[in-house]
1. So if R0 is 35 Å, what FRET efficiency would Tyr16 and Phe414 give, r being the distance between their Cβ atoms, rounded to the nearest 0.05?
2. Calculate, for Ala154 and Arg62, the FRET efficiency according to 1/(1 + (r/R0)^6) with r their C-beta to C-beta distance and R0 35 Å; round to the nearest 0.05.
3. Any of Lys138/Lys285; Lys146/Lys254; Lys170/Lys278; Lys232/Lys404; Lys162/Lys347; Lys146/Lys347 with alpha carbons more than 28 Å apart? Name them for me.
4. Net charge around Ser56, counting only other residues with Cβ within less than 9 Å of its Cβ (Lys, Arg = +1; Asp, Glu = -1)?
5. Packing-wise, with mean Cβ within 10 Å as the measure, how do 397-404, 283-290 rank, highest first?
6. Listing Val269, Val321 from the residue with the fewest other Cβ atoms within 10 Å to the one with the most, what is the order?
7. Which helices count as membrane-span-like in the chain under these terms: full DSSP H, at least 18 Å along the axis by C-alpha, Kyte-Doolittle mean of 0.0 or more?
8. Express as a percent, rounded to the nearest 5, the fraction of DSSP beta bridges in the chain (both residues included) that run antiparallel.
Amino acid sequence: MDAYRKLLAQTDPEIYDALVGEEKRQAAGIELIPSENYCWPEVLVTLGSVFTNKYSEGYPGRRYYGGQEYTDVIETLARDRAKELFGAEHANVQPLSGAAMNAAVYLVMLEPGDTVLGMDLSHGGHLTHGAPVSHMGKLYNWIRYKSDPANKGAIDFEALRKTALESKPKMIVCGFSSYPRDLDYAQFKAIADEVGALTMADISHIGGLVAGGALNNPVAAGFDFVTTTTHKSLRGPRGGLILCKEQFAKQIDKSVFPGLQGGPHMNAVAGIAITMGKALQPEWKDYCRGILANAQTLAKALVAGGADLVTGGTDNHMMVVDCVTSWGFNGKIAEEALDRVNITCNKQVIPDDPNPPLRPSGIRLGTPAATTRGFGADEMNKLGAWMVEAMTSHEDEAVLAKVKGEVEELCSQFPVPGVE
C-alpha cells in the first residue's frame, strides 16, 4: 500500500493532501457522532481491493456475468454469517446503504398510498421513516408516533395501539437515528399482529449492539423485516443489510436487484463478510458492553456539568443534549465550539424542536468510535468535563485553545485503527 500512496502523492497531490489531512484530523481529535466509527483495518484492505473491479449482478450461483467464483464466496460468507449473527432466516447484503435498504423493503411490500406507522423525525426517527422531505415520505401515507419527553422518552404503547387501531397501517416501522433508549419490540409486534400489519425494525444505529446481545433483538421478537447499516456500531464498510423471514426472501432479493439497483459493490460485500465474522467472535460482546458503559459515564459527566439530556439519560450508545436549556444557545453554536477543540459531534433536533434543522436546539453524541480507540471511564469523564468547559466558555478562544491541546494530548495515546 505504501507504493500506491506514493503513486497517489505524485499523480494527484490535491487528493493525497486531503487524505493525509483527514488522517491527521481523525488522529488528533475524537469522533462523538454516534453514526461514525473506525472500521476494521481488514475492511479497509477489501475496500481498496480488486473486488472493486468486478460487476456481479445477480446472486451467488445466479449471476449475469462470468468470472464469479470468488465473488460468490464472499457474498455467501457475508449472508451466512449475518444470518448466524442475528438469528435470521434470510439475509441480503447487497443494498448500497441505509436509505436504499429501507426503500427496497417498502417498494416491494407496500403500494403507493398505503398507510405506514413510523416514528416522528424530531423524536428520533429517520428520514426514511416517513419524513415529508423524503421520497418515501411522499409515496406513502405516514402516520407518526412520538416519544413522551415527560416520561424519559418512553413510547406510549397504549397511544400507539389506539393510533394503529384507528389508522389500520399496512406496516409498523420502529427504529431511530437519535433516540437514546432501547425498544420493546414485543409490544410493537403485538400491536401489529392485532391490526394485521407487517413489522419492520431499522436498527442501523444499534446493529452492532444488537448483534453483541447488549440490546434487544427484533429478529427474536418475530419481526418480518430488520434492516441495519453495516458501518456505525458494526465497524464495517458503508453498506446495508436486510434480514427477513424466509417467506419474504424472494421478494426482498428481487426488490434489491433488479428492482432498485444494478451491480453490488463487491469490495463492500467483502468488507461486510469480514465485519459479520468479527462480530461473531466472543470479544465482540465485551466491546458492546464497553460502548454502553462509556455512554453511561459520559452522560453522567455531562449531567454533572449542567447538561440537560433529552430522555434524561441513555440506554444505548447515544445521547441528545438540549443546548438551549443547558447553556442558552443552539446546537449549531455548540457543534462549532466543539469542533474548535477537536471533539466532533453533530447538531440535532430535539422533540418538537421550535428551531429549524440547520440551527436546532441540540447536539447528538455517541460512544462507539471512542470505545473502538480504547477509551474507558477515565477518558469519558475527561471528555465530559472538556465538553462542559467548551460550552460554558464557547466564546473564550484562550479556553478553547487550552482544551484543544488537552484533547490532542489524550488522543495521541490512542491510535486510530487503520491509520499509521
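No value in this document is a laboratory result; all are computed from the given coordinates. This is a predicted model, so every value here is computed, not measured. For neighbour counting, all protein chains shown are included, and Cβ atoms are generated from backbone atoms with ideal geometry for every residue, glycine included.
1. Numbers: r = 25 Å, r/R0 = 0.72.
FRET efficiency, Tyr16 to Phe414: 0.90.
2. Computed FRET efficiency for Ala154 and Arg62: 0.15.
3. Checking Cα-Cα distances, Lys138/Lys285; Lys146/Lys254; Lys170/Lys278; Lys162/Lys347 exceed 28 Å.
4. Values: positive: Lys54, Arg63; negative: Glu57, Asp72, Glu75.
So the environment of Ser56 carries a net charge of -1.
5. Ranked from most to least packed, the peptides come out as 283-290, 397-404.
6. The fewest-first ordering by Cβ neighbours comes to Val269, Val321.
7. Values: long enough: 13-28 (22 Å, -0.71); 69-86 (26 Å, -0.58); 266-279 (20 Å, 1.09); 283-304 (32 Å, 0.09); 377-392 (23 Å, -0.05); 397-411 (21 Å, 0.27).
Membrane-span-like by this criterion, though nothing is claimed about a membrane: 266-279, 283-304, 397-411.
8. 55
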